[in-house]
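Undergrad: Here it is, the structure, as structure tokens.
The values are calculated or read from the model by the stated rules, or taken from the named source; none is laboratory data. As the structure is a prediction and not an experimental result, all values here were calculated from the model. Every residue, glycine among them, receives a Cβ derived from its backbone with ideal geometry; neighbour counts consider all protein chains shown.
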């Protein structure tokens, strides 16, 4: 077990690079399993989630060589079609292996996906599309596995997602590239990470094109080949370090990034009074003079990303007045607020009045519970004090560390393993910027 000991109050200053995108890297590993040839993936993040996906590939019979920040993946022959529950339980992306297993073997046995416990993560949006492609699906509630079979090569389908689904869109794209005929996905997710997956698949010989913002057409091919692909910067990391700069009244330059995929965040940060300077070689984020309160609602792209919700809330604790954040993507994503209360935060959770909530919210409304709150009212500015706090999931981890960096005194942060799932050497990079943070093994 490891903890962070953080002494807050230091202004973070300096230059830093962010890791390759976690969400692109994990899907690139799945895509590599669609061919028996070698796929080279550059700029990978060396995080625990990536290593779990590597373990799954090796368990299926593949080989993955990692040197520096490059992974070479080759799975000449898939030797098994069952994903280990032990390996898959911690990461929801494991369910996406159904695509290469069905395409190359005609069957897949997939456990109900894991990952951060921040919502129900409905599989129905994926299963509905897979069934349209001629796949028979049986879910055994006793062992928690989906049993999927396709006697012949999967067929094309016209499928419209009822609600936005990032992972669902990517899974059906992966399943369609080797299917017979033309598959049309309507109301498909338009996140930049989806476009990156499309770019990789096309480099491998697939025929995938986005014909408008929410429509993707895939013409199936008989075989994919190897390719070399570079993972772009992680925009969640960009937001984390940008807010770290402002919350500590510092000045941080993030190298080799641009505003693509960050437009909504940059616009909100300007409204809040944060300093932004875009340059050819990166973007500078800095504190100017106070923080203005904002009203924010999370949404799917091109809206304000749900993964930015927690760090943004921390910034709003410093706002000169009352701010609100309305979470519309997940039904239960304010679990970290209790920990912030230990540090002196003044946050009131509530449910806004919403017309037709079943349609308004992006989560399946039947997964909602009376005790879940979908919005937060944040009173600021607050002087955080030190506390012992516990991380419950990946994004909550970044949120709580930001609070500790801004707090007076020395805080102890438990549950660091959650943060390690998505941030490479987070403590080392904070130290590089002058932060007083120490990793302690117990």
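Undergrad: Test of understanding: among 121, 125, which residue is at pLDDT below 90 and not in a loop (DSSP other than H, G, I, E, B)? Break it down stepwise before answering.
TA: Working: 121 fails: not in a loop (DSSP other than H, G, I, E, B).
It is 125.
Undergrad: I would also like to ask the following. Quick check on segment 1-27: of everything there that is at pLDDT 95 or above and part of a loop (DSSP other than H, G, I, E, B), which residue is nearest to residue 252 (Cα to Cα)?
TA: 12
Undergrad: How about segment 164-188: which of its residues are in a loop (DSSP other than H, G, I, E, B) and either free of Cβ contacts under 8 Å to residues at least 60 places away in the same chain or out of contact with any strand residue (DSSP E or B) (no Cβ under 8 Å at 6 or more places or on another chain) (or both)?
TA: Step one: of segment 164-188, the residues in a loop (DSSP other than H, G, I, E, B) are 164-165, 177-179, 181, 187-188.
Result: 164, 165, 178, 181, 187, 188.
Undergrad: Would you pick out the residues in segment 207-234 that are within 24 Å of residue 164 (Cβ to Cβ) and not in a strand (DSSP E or B)?
TA: 213, 214, 231, 232, 234
Undergrad: Would you please name the residue that is nearest to residue 426 (Cα to Cα), looking only at residues in segment 220-237 that are out of contact with any helix residue (DSSP H, G or I) (no Cβ under 8 Å at 6 or more places or on another chain) and surrounded by 22 or more Cβ atoms within 10 Å (Cβ to Cβ)?
TA: In this case the residue turns out to be 237.
Undergrad: Another question, then. So which residues in segment 245-275 are surrounded by fewer than 18 Cβ atoms within 10 Å (Cβ to Cβ) and in a strand (DSSP E or B)?
TA: Answer for segment 245-275, where residues must be surrounded by fewer than 18 Cβ atoms within 10 Å (Cβ to Cβ) and in a strand (DSSP E or B): 255, 275.
Undergrad: Please specify each residue of segment 122-139 satisfying the condition of being out of contact with any strand residue (DSSP E or B) (no Cβ under 9 Å at 6 or more places or on another chain) and surrounded by fewer than 18 Cβ atoms within 10 Å (Cβ to Cβ). So that I can check it myself, show each step before the final result.
TA: Initial filter on segment 122-139 (out of contact with any strand residue (DSSP E or B) (no Cβ under 9 Å at 6 or more places or on another chain)): 122, 124-126.
Correct list: 122, 124.
Undergrad: Within the group 377, 373, 359, 431, which residue is closer than 30 Å to residue 124 by Cα and surrounded by fewer than 17 Cβ atoms within 10 Å (Cβ to Cβ)? Talk me through it step by step, then tell me what you get.
TA: Details: 377 fails: closer than 30 Å to residue 124 by Cα; 373 fails: surrounded by fewer than 17 Cβ atoms within 10 Å (Cβ to Cβ); 431 fails: closer than 30 Å to residue 124 by Cα.
Every option except 359 fails the conditions.
For every residue, the table says whether it meets (1) buried (at least 18 other Cβ atoms within 10 Å of the Cβ); (2) in contact (Cβ under 8 Å) with a residue 60 or more places away in the chain.
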| residue | (1), (2) |
| --- | --- |
| 2 | no, yes |
| 28 | yes, yes |
| 32 | yes, no |
| 40 | no, yes |
| 64 | yes, no |
| 89 | no, no |
